[in-house]
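Just dropping this structure here.
The values are calculated or read from the model by the stated rules, or taken from the named source; none is laboratory data. What you are looking at is a predicted structure, and each value in this text was computed from that prediction instead of being measured. So basically every Cβ, Gly included, is an ideal-geometry build from the backbone, and we count neighbours across all protein chains shown. Quick note on the areas: whole protein, heavy atoms, side chains included, nothing else; ligands and nucleic acids left out. Shrake-Rupley method; radii C 1.70, N 1.55, O 1.52, S 1.80 Å.
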Amino acid sequence: MKKLLIIIIAAIAIFNTLFGVVIDGYEMDSCMLVNLSLAITAGLLYWLFASKIADALKITITILFLLTGLVRAALMLFSLSYGIFFIGILLFELVIMAIAYYNTSK
């Protein structure tokens, strides 16, 4: 499952880069930030699948990380001025990771 999600995210990043090269109106800064957002999402999901969290919590956090990753990518796609929201969402995800790790290590 984790390999499939990583492959899908990598394919989306490749298509995003190709669109960035082909389409003139698509700024390369936005393209790279969307790819960064996809890489962060892939890293979070890889960590999640490698951890020893209970399955129900793992499914819930997977859906949460996918949705927040989609929001991060959309914010960076449409405007570079939403950087503070990007950082805020990333901090939220890190807090969720810390809580999940703390509850697992007990």
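Could you tell me whether any residue of the range 24-31 is out of contact with any strand residue (DSSP E or B) (no Cβ under 9 Å at 6 or more places or on another chain), in a helix (DSSP H, G or I), surrounded by 16 or more Cβ atoms within 10 Å (Cβ to Cβ) and among the hydrophobic types (A, V, I, L, M, F, W, C)?
Yes; the residues of the range 24-31 include at least one that is out of contact with any strand residue (DSSP E or B) (no Cβ under 9 Å at 6 or more places or on another chain), in a helix (DSSP H, G or I), surrounded by 16 or more Cβ atoms within 10 Å (Cβ to Cβ) and among the hydrophobic types (A, V, I, L, M, F, W, C).
Take the range 70-106 and flag every residue that is aromatic (Phe, Trp, Tyr) and farther than 22 Å from Ala50 by Cβ.
Matches in the range 70-106: Phe78, Tyr82, Phe85, Phe86.
Consider Ile63 against the criteria (1) surrounded by 15 or more Cβ atoms within 10 Å (Cβ to Cβ); (2) closer than 20 Å to Val34 by Cα; (3) at pLDDT 85 or above: it satisfies all of them except one. Which criterion is unmet?
Only one criterion in (1) surrounded by 15 or more Cβ atoms within 10 Å (Cβ to Cβ); (2) closer than 20 Å to Val34 by Cα; (3) at pLDDT 85 or above is unmet by Ile63, namely (1).
Might you check whether a residue that is more than 17 Å from Ala10 (Cα to Cα), modelled with pLDDT of 85 or more and open to solvent by 30 Å² or more (accessible area, probe 1.4 Å) occurs anywhere in the range 71-79?
yes
Got a number for residues in the range 80-93 being among the hydrophobic types (A, V, I, L, M, F, W, C) and loosely packed, with under 12 Cβ neighbours inside 10 Å?
3
Can you tell me which of (1) in contact (Cβ under 8 Å) with a residue 24 or more places away in the chain; (2) more than 12 Å from the chain's Cα centre (by Cα); (3) surrounded by 15 or more Cβ atoms within 10 Å (Cβ to Cβ) is the one Tyr46 doesn't meet?
Result: Tyr46 fails condition (2) only.
Checking Phe92 against (1) closer than 14 Å to Ile9 by Cα; (2) in contact with a Ser or Thr (Cβ under 8 Å, 6 or more places away or on another chain); (3) not aliphatic (A, V, I, L, M), which test does it fail?
Checking Phe92 against (1) closer than 14 Å to Ile9 by Cα; (2) in contact with a Ser or Thr (Cβ under 8 Å, 6 or more places away or on another chain); (3) not aliphatic (A, V, I, L, M), the one that fails is (1).
Looking at Val34, is it assigned to a helix (DSSP H, G or I) and touching a Leu at 6+ places or on another chain (Cβ under 6 Å)?
Here the answer is yes, as Val34 does meet what is asked.
Under 6 Å between Cβ atoms, at least 6 apart or on separate chains: pull out the pairs that start in the range 58-73 with a residue that is charged (D, E, K, R) and end on any residue that is part of a helix (DSSP H, G or I).
Here the result reads Arg72/Ser37; Arg72/Phe86; Arg72/Ile89, each pair linking the range 58-73 to a residue that is part of a helix (DSSP H, G or I).
For the range 41-61, enumerate the residues that are part of a helix (DSSP H, G or I) and touching a Phe, Trp or Tyr at 6+ places or on another chain (Cβ under 8 Å).
Thr41, Leu44, Leu45, Leu48, Lys58
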